[in-house]
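Here is the structure we will look at, set down as structure tokens.
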Amino acid sequence: QGQFVESGGGSVQPGDTLTLTCVGSRFHFDYSTVAWFRQAPGKEREGVACISTSDGRTYYADFVKGRFTISRDNAKNTAYLEMNNLKPEDTGVYYCAHDPMGRIGTTIAFFDHWGQGTQVTVSS
């Protein structure tokens with residue numbers, strides 16, 4: 001019920017850090033997973049990271065592993081994506097979505113209630 005709202009994007013230089021916030025509804029954080037995706041101009045949407053709202057298990061795409069950290073605060077119905085050592089190729093619109101079946105992954109077809117996205121631009 002309802003869509004997520006993403007925020008925290010901005011324009012930064014390579015090597016900088018940004019933390020994105022995804023605010024949902026209470027039901028989004030009950031026995032499900034929440035994930036971050038991104039889409040660069042002219043590119044297909046791709047999965048970034050996922051977290052279980054129940055046990056906290058996480059999944060990361062290889063291209064962000066070791067740089068990005070996904071977390072959540074169920075009491076606030078909120079998920080976060082801390083992005084460290086940003087690279088130009090991280091540029092894109094970042095979206096948050098929900099898998100009601102609680103799969104720990106980023107298969108796009110499994111997710112719903114997509115937010116409007118928040119723009120992240122990394123350039124010199």
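Observations, loosely collected:
- Stretch gain in nm, segment residue 19-residue 71, where the contour uses 0.36 nm per residue and the Cα spacing is subtracted: 17.7 nm
- Per-selection Rg to Rh, the chain - Cα, Kirkwood hydrodynamic radius: 0.94
- Each eigenvalue of the Cα gyration tensor of the range 40-113, multiplied by 5 and square-rooted, gives one semi-axis; in descending order these are 20, 15, 11 Å.
- Nearest-10 value in Å² for the accessible area of residue 12, using the 1.4 Å probe: 20
- Rounded to the nearest 20, the Cβ-based charge dipole of the chain about its Cα centre (Lys and Arg +1, Asp and Glu -1) stands at 60 debye.
- Computed with a 1.4 Å probe over protein heavy atoms only, the accessible area of residue 89 comes to about 120 Å².
- Unpaired cysteine residues in the chain (no second Cys Cβ under 4.7 Å): 50.
- Of 97, 79, 61, the one that fluctuates the most in a GNM where the chain has Cα springs shorter than 10 Å: 61
The values are calculated or read from the model by the stated rules, or taken from the named source; none is laboratory data. Since the model is a prediction, treat every value here as computed from it, not as a measurement. Backbone-built Cβ (ideal geometry, glycine too); neighbour counts: all protein chains shown. Areas reflect the complete protein model, heavy atoms only, side chains present, ligands, DNA and RNA absent. Shrake-Rupley method; radii C 1.70, N 1.55, O 1.52, S 1.80 Å.
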